[in-house]
Amino acid sequence: MTSDEQREWASRRLLEVPRLELSHAPTPIEELPRLRVALGGGPRILIKRDDYLGPGFGGNKVRKLEYLLAEAKRAGAEVVITCGGVKSNHARVTAALCARVGLECALVLNPAAIGYQGTEPASLHIDRLFGAKIHLIGSRLEREPMMESLAAHYRQQGKRVAVIPLGASVPAGALGLVRAAGEVAQQLAQRQLKVDLLYHCSSSGGTQAGLVAGQQIFPGLCRKVVGVSPDGTAAEIAETVSSIASGVGELLGIDNGEMRESIHVFDGYVGNGYGIPTPEGEEALRILAQTEGVLLDPVYTAKAMAGLIDQIRRGAIGEDQTVLFWHTGGQMALFYVPEDAA
């Protein structure tokens, strides 16, 4: 097959994979001209508003879960189990979508790096409002064993269980971002725009794997996908992205070698660790709010935007280039509620 034939074949296969249509897609692409001025010039900056995706306050996890919950429904699952931190966007969106499609939801959640006495994260409060059963644990290391234990417990009760890994970051979940890549490529073509660099936050790897695979199928997406880490090293994240992208390649018939060469990760903006705000991230959050009225979150998108801003200030991105920043949601991490909130 020629490259064009391979892309056509992959795009057809993507459309054949069952998914639940639960999101408010396509989400808009907006320009950030006042941010550009505030940075003293530099590249043209666009933003993909996946924080508008809908259920559970939106975010990129909605796209992944459309595929994974379709799998769960086809398998006859009655209970969905997943994990994350108490501020987890993935956990919150899973709880919302399970409520919407009539599945019981159990969440295994570890403590946040930062908390405030007498309060709990708004996401945890909302998880409960969605009817999720919350299982609080002491550390990240306890997540997998607790999910296995819960799955065994529900199966002993005669219930069918679907276990969704952290961040829904598996090949089937990454298909949601492959589809999103096609959505963006179409939007850009309609506006006669070309994007040089696509910046986003990359942690559990599924989003970047989907975008890298999508770049192969929809070359109108961008020239280069750049992930900015909020926690792990560039090598760790790149390895995870490569593994997930390889699985996507097997599902859609894409050349895995090309995808491996397209994985780029920055890990210089992590600061003191996952969930711990950085001064650069706080500045990025503040400057985007004050110039464009757009809110980021302190865990993921603020660190990714800090990376983009730093690269612009260093002159690493030319004035003749166009950058698309992918807003993956997560603003609920800014908010807390009283522990005794109803």
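Worth pointing out:
- For the chain, with +1 on Lys and Arg beta carbons and -1 on Asp and Glu, the positive-most of Tyr269, Leu193, Asn256 along the dipole: Leu193
- Taking other residues whose beta carbon is less than 10 angstrom from the beta carbon of Thr94, and scoring Lys, Arg as +1 and Asp, Glu as -1, yields +2.
- Remark: Ile317, Ile134, Ile81 ranked as Ile134, Ile317, Ile81, counting other beta-carbon atoms within 10 Å and listing the fewest first.
- Inter-probe distance in nm under a simple model that places probes 7 Å from Cα toward Cβ, at Ile114 and Asp255: 4.5 nm
- Placing +1 on the Cβ of every Lys and Arg and -1 on the Cβ of every Asp and Glu, with nothing else charged, gives the stretch 227-306 a dipole about its Cα centre of roughly 180 debye.
- Rg over Rh [alpha-carbon atoms, Kirkwood Rh] for the stretch 205-316: 1.02
- Members of Lys87/Lys133; Lys64/Lys133; Lys87/Lys224 lying beyond 26 Å, as alpha-carbon distances in this model show: Lys87/Lys224
- Of the labelled figures (1) 21.1; (2) 17.0; (3) 16.2, only one reflects mean projected area of the Cα convex hull in nm² as derived from the coordinates, namely (2).
- Cysteines in the chain that, by Cβ-Cβ distance, have no pairing candidate under 4.7 Å: Cys83, Cys201, Cys222
- Within the chain, the selection of entire DSSP H helices by a Cα span of 15 Å or greater along the long axis and an average Kyte-Doolittle value of at least 0.0 returns 89-101, 171-190, 206-217, 234-252, 301-313.
- Residues whose placed amide H lies under 5 Å from that of Leu53, excluding near-sequence neighbours: Gly59
- Under 5 Å between amide hydrogens, built in the peptide plane, is the criterion, and for Val265 it picks out Gly227 among residues at least 5 positions away or on other chains.
- About its Cα centre, the dipole of the chain is roughly 560 debye, where the only charges are +1 on Lys and Arg Cβ and -1 on Asp and Glu Cβ.
- For the stretch 61-168: relative contact order, % (alpha-carbon pairs under 8 angstrom, 6 or more apart): 39 percent
- Cα-Cα pairs of the stretch 61-168 separated by more than 24 Å (percent): 17 percent
- Relative to the current alpha-carbon distance between Arg191 and Arg286, full extension at 0.36 nm per residue lengthens the span by 31.3 nm.
- Remark on Tyr336: its backbone amide H falls under 5 Å from those of Ala122, a criterion applied only to residues 5 or more positions apart or on other chains, H modelled at 1.01 Å from N.
- Protection proxy ranking of 290-298, 12-20 - average other beta-carbon atoms within 10 Å, highest first: 290-298, 12-20
- Lys, Arg +1 and Asp, Glu -1 on Cβ, resulting dipole of the stretch 61-168 about Cα centre, debye, nearest 20: 260 debye
Throughout, read-outs are computed from the coordinates displayed, never taken from laboratory work. Bear in mind that the values here come from a model prediction, so they are computed numbers and not experimental data. Using ideal geometry, Cβ is built from the backbone for each residue, glycine included, and neighbour counts are taken over all protein chains shown.
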